[in-house]
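Undergrad: Below is the structure I would like to discuss, written out as structure tokens.
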Amino acid sequence: MHGKWWKESVVYQIYPRSFCDSNGDGIGDLRGIIAKLDYLKELGVDVVWLSPIYQSPNADNGYDISDYRAIMAEFGTMADFNKLLEQLHRRGIRLLMDLVVNHTSDEHPWFVESRRSRDNPYRDWYIWRPGRDGREPNNWASLFGGSAWQYDEATDEYYLHLFSKKQPDLNWENPRVREAVHEMMHWWLKKGIDGFRMDAINLISKAPGLPDAPVKTANRYQFPGPHVFNGPRLLEFLGETKRRVLSHYDIFTVAETGLVTTEHGLDLTHEENGPVNMLFQFEHVEMDMDDSSDSPRWNSKPWSLLELKRIMTRWQKDLEGKGWNSLYLSNHDQPRAVSRFGDDGRYRVESAKLLATFLHTLHGTPYVYQGEEIGMTNVAFPTIDDYRDMETRNMYQEFVEEKGIDRTVVMAIIHAKSRDNARTPMQWDASVHAGFSAGTPWIKVNPNYSEINVQRARTDPDSVLHYYRKLIRLRREHPAIVHGCYDLLLEAHEQVYAFTRTWKNERLLVILNFSPDAPVFALPSHIHFTNKELLIGNYSVDTGEDINLLTLRPYEARVYRLR
């Protein structure tokens, strides 16, 4: 039985391309990360998760891998990687690697062989089908738009790609594929890495026979959700991976899983028999998607605090004592949290601290995405040419050039939702290019870097950065934050999210005002205490204040310890 250190950890996600460039080519790299390890140590994080650094043609920023055992040249060499791992471990920080095995690049040697002929030994490593009535084998849409099938002239068949056509899906039904994936995982674990974040892993088992998806829109291709997410053999495949690989090391795994319920969450992360330790679910970051539209990802609706409470409370309670939650508001695929769930204008600092307090006091393992700890915001580049994300550019072309939607409307959507919001370079200081690179960055820096940067945050005791450090420290000092029971208070309050965390004789009270207003918080009568101690707050507080009835300030957050 390995230790449960991952329950007590805080994970920091690095998007290597945008973190720190050591050689002036405009692209972040491994040596750049090494140069910033003391910063991460100061922040107090326990684990670093690296987005993919494997060899890749970069059609989807490294999520299309052509060699699992080589480092992308732009990022450095295997020697650089070995040094990074050694330097992390020397500072007591563990390393989580991205594992992308639902698909490979179409330039991976396995696929190069697979497409050669119908009887190639690698043919059934991928999912090939003959056409149907002169068209694709079924009506599935790719998650990146268009058909999920690509016709290949050489063998007159189609291959499946749930993402881009440069990312053919592996055929997990083939035991040889699973064996090759397991061997590769062992290879990295033997190097000494500390676990995997498993990309899009609940897509690896498809519905037998690959039936048509239900027709819900007028589009030619339909969302294949029910036939590709959480398929019939998912738990079997992951259980085998746990038996053959994961159970042999003291590591942790987090599964990226779209369209999961808490029931799936329990099956996957159950303490006794779940194949992974925790998962990323997406319900809370999809609250502002308009499901009634053709492309919900790009059509926003206002989110509500009541819905956030319902979603988070359900995950907190359903997994309690049985499974484990991952806690996040930001990553490389999501807009910046402070712009989306807070206020990136007048109350940027207060709301960034509020969101951090929320995340770091829930039950589960918190993830900090690079720049979140200094309150980095969304970017509003003026033209589509400034954007690099394939998904964003495809959407612009479809909306503006094919559907004729007004350009200003489309740019406003992109400003709110593009993945590039999270991918602008890390803002280290106020020098040119924010101290990210001596050259021209691969994507422009957010123009607000002169006021929002690490150097400035370090010298300001009231900065978002110092607040994060304090929050991360609290997790070590108060077992109730890691192990305590979560109970929601004031369920119907539309502006205040409040809850308790209880462990043995310690009880924490968390009060969060998710609004720019001054609502009143009334402590429910069933909560009794003789003394209280303010552990953290984002405003100065009069310690003698009566917490039975509090008028909260805009985006105010407080955490009390009650006895």
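The values are calculated or read from the model by the stated rules, or taken from the named source; none is laboratory data. Note that the structure is predicted; figures quoted are calculated from it, not measured. Note that we place each Cβ from the backbone using ideal geometry, even for glycine, and neighbour counts take in every protein chain shown.
Undergrad: For Tyr367, state whether it is buried (at least 23 other Cβ atoms within 10 Å of the Cβ), of a type outside the set (A, V, I, L, M), in contact (Cβ under 8 Å) with a residue 24 or more places away in the chain and not assigned by TED's automatic domain parsing to the domain that holds Tyr497.
TA: So Tyr367 fits the description; yes.
Undergrad: Report the residue count in region 147-191 for those that are of a type in the set (Ser, Thr, Tyr) and assigned to a helix (DSSP H, G or I).
TA: Total meeting the criteria: 1.
Undergrad: Just one of Ser105, Ser56, Ser51 is farther than 22 Å from Tyr12 by Cβ and touching a helix residue (DSSP H, G or I) at 6+ places or on another chain (Cβ under 9 Å); which is it?
TA: That would be Ser105, the only listed residue that is farther than 22 Å from Tyr12 by Cβ and touching a helix residue (DSSP H, G or I) at 6+ places or on another chain (Cβ under 9 Å).
Undergrad: Where in region 440-483 are the helices (runs of 4 or more DSSP H), entirely inside, with at least 3 residues that are farther than 30 Å from Arg561 by Cβ, assigned by TED's automatic domain parsing to the domain that holds Val349 and at pLDDT 95 or above?
TA: Details: elements: 454-459, 464-477, 479-483.
Result: 454-459.
Undergrad: Output the residue which, of all residues in region 141-159 that are within 19 Å of Gly258 (Cα to Cα) and in contact with a strand residue (DSSP E or B) (Cβ under 7 Å, 6 or more places away or on another chain), is surrounded by the most Cβ atoms within 10 Å (Cβ to Cβ).
TA: Filtering region 141-159 for residues within 19 Å of Gly258 (Cα to Cα) gives 141-145, 148.
Next cut, in contact with a strand residue (DSSP E or B) (Cβ under 7 Å, 6 or more places away or on another chain) only: 141, 148.
Values: Ala141: 20, Ala148: 29.
This residue is Ala148.
Undergrad: Would you be able to say whether some residue in region 4-19 is at pLDDT below 95 and out of contact with any Gly (no Cβ under 8 Å at 6 or more places or on another chain)?
TA: Yes, because at least one residue in region 4-19 is at pLDDT below 95 and out of contact with any Gly (no Cβ under 8 Å at 6 or more places or on another chain).
Undergrad: Please determine whether any residue of region 275-284 is touching a residue at least 60 places away in the same chain (Cβ under 8 Å) and among the charged types (D, E, K, R).
TA: Looking for residues that are touching a residue at least 60 places away in the same chain (Cβ under 8 Å) and among the charged types (D, E, K, R), one finds none in region 275-284, hence no.
Undergrad: Which of the residues belonging to region 192-214 are in a loop (DSSP other than H, G, I, E, B), out of contact with any strand residue (DSSP E or B) (no Cβ under 7 Å at 6 or more places or on another chain) and either buried (at least 19 other Cβ atoms within 10 Å of the Cβ) or at pLDDT below 95 (or both)?
TA: Across region 192-214, the qualifying residues are Ile204, Ser205, Lys206.
Undergrad: Just checking, which of Val541, Val496 is out of contact with any Ser or Thr (no Cβ under 7 Å at 6 or more places or on another chain), surrounded by fewer than 19 Cβ atoms within 10 Å (Cβ to Cβ), under 29 Å from Ile374 (Cβ atoms) and modelled with pLDDT of 95 or more?
TA: Unique residue meeting the criteria: Val541.
Undergrad: Looking at Asn219 and the list (1) under 24 Å from Ile65 (Cα atoms); (2) in contact with a strand residue (DSSP E or B) (Cβ under 9 Å, 6 or more places away or on another chain), which single condition is not satisfied?
TA: With respect to (1) under 24 Å from Ile65 (Cα atoms); (2) in contact with a strand residue (DSSP E or B) (Cβ under 9 Å, 6 or more places away or on another chain), Asn219 is out only on (1).
Undergrad: Considering only region 223-236, how many residues are surrounded by 22 or more Cβ atoms within 10 Å (Cβ to Cβ) and touching a helix residue (DSSP H, G or I) at 6+ places or on another chain (Cβ under 7 Å)?
TA: 2
Undergrad: Testing Tyr396 on (1) over 25 Å from Asp25 (Cβ atoms); (2) touching a residue at least 40 places away in the same chain (Cβ under 8 Å); (3) assigned to a helix (DSSP H, G or I), one condition comes back false. Which one is that?
TA: The number of the failed condition is (2).
Undergrad: Could you say whether any residue in region 526-540 is farther than 21 Å from Leu354 by Cβ, in a loop (DSSP other than H, G, I, E, B), without any contact (Cβ under 8 Å) to a residue 40 or more places away in the chain and touching a helix residue (DSSP H, G or I) at 6+ places or on another chain (Cβ under 9 Å)?
TA: no
Undergrad: Do we have Asp80 as among the acidic types (Asp, Glu), assigned to a helix (DSSP H, G or I) and buried (at least 16 other Cβ atoms within 10 Å of the Cβ) here?
TA: Yes, satisfied.
Undergrad: Can you name the residue in region 215-248 that is hydrophobic (A, V, I, L, M, F, W, C) and over 27 Å from the mean Cα position of the chain (by Cα) and is also modelled with the highest pLDDT among such residues? First the steps, then the outcome.
TA: Step one: filter region 215-248 for residues hydrophobic (A, V, I, L, M, F, W, C), giving 215, 218, 223, 228-229, 234-235, 237-238, 245-246.
Subsequent filtering for residues that are over 27 Å from the mean Cα position of the chain (by Cα) retains 215, 218.
Details: Val215: 96, Ala218: 90.
The qualifying residue modelled with the highest pLDDT is Val215.
Undergrad: Hand me the list of helices (runs of 4 or more DSSP H) wholly inside region 258-349 holding 3 or more residues that are closer than 28 Å to Arg388 by Cβ.
TA: Helices (runs of 4 or more DSSP H) meeting the threshold: 337-340.
Undergrad: Can you tell me which residues in region 317-335 are over 16 Å from Met287 (Cβ atoms) and either at pLDDT below 95 or more than 8 Å from the chain's Cα centre (by Cα) (or both)?
TA: Lys317, Asp318, Leu319, Glu320, Gly321, Lys322, Gly323, Trp324, Asn325, Ser326
Undergrad: Same structure, new question: From the set of residues in region 244-262 that are out of contact with any Asp or Glu (no Cβ under 8 Å at 6 or more places or on another chain) and over 19 Å from Phe196 (Cα atoms), which is surrounded by the most Cβ atoms within 10 Å (Cβ to Cβ)?
TA: Top of the filtered list is Val260.
Undergrad: Could you go through region 427-434 and let me know if any residue there is buried (at least 20 other Cβ atoms within 10 Å of the Cβ), more than 29 Å from Ile536 (Cα to Cα), modelled with pLDDT under 95 and not assigned by TED's automatic domain parsing to the domain that holds Gly146.
TA: no
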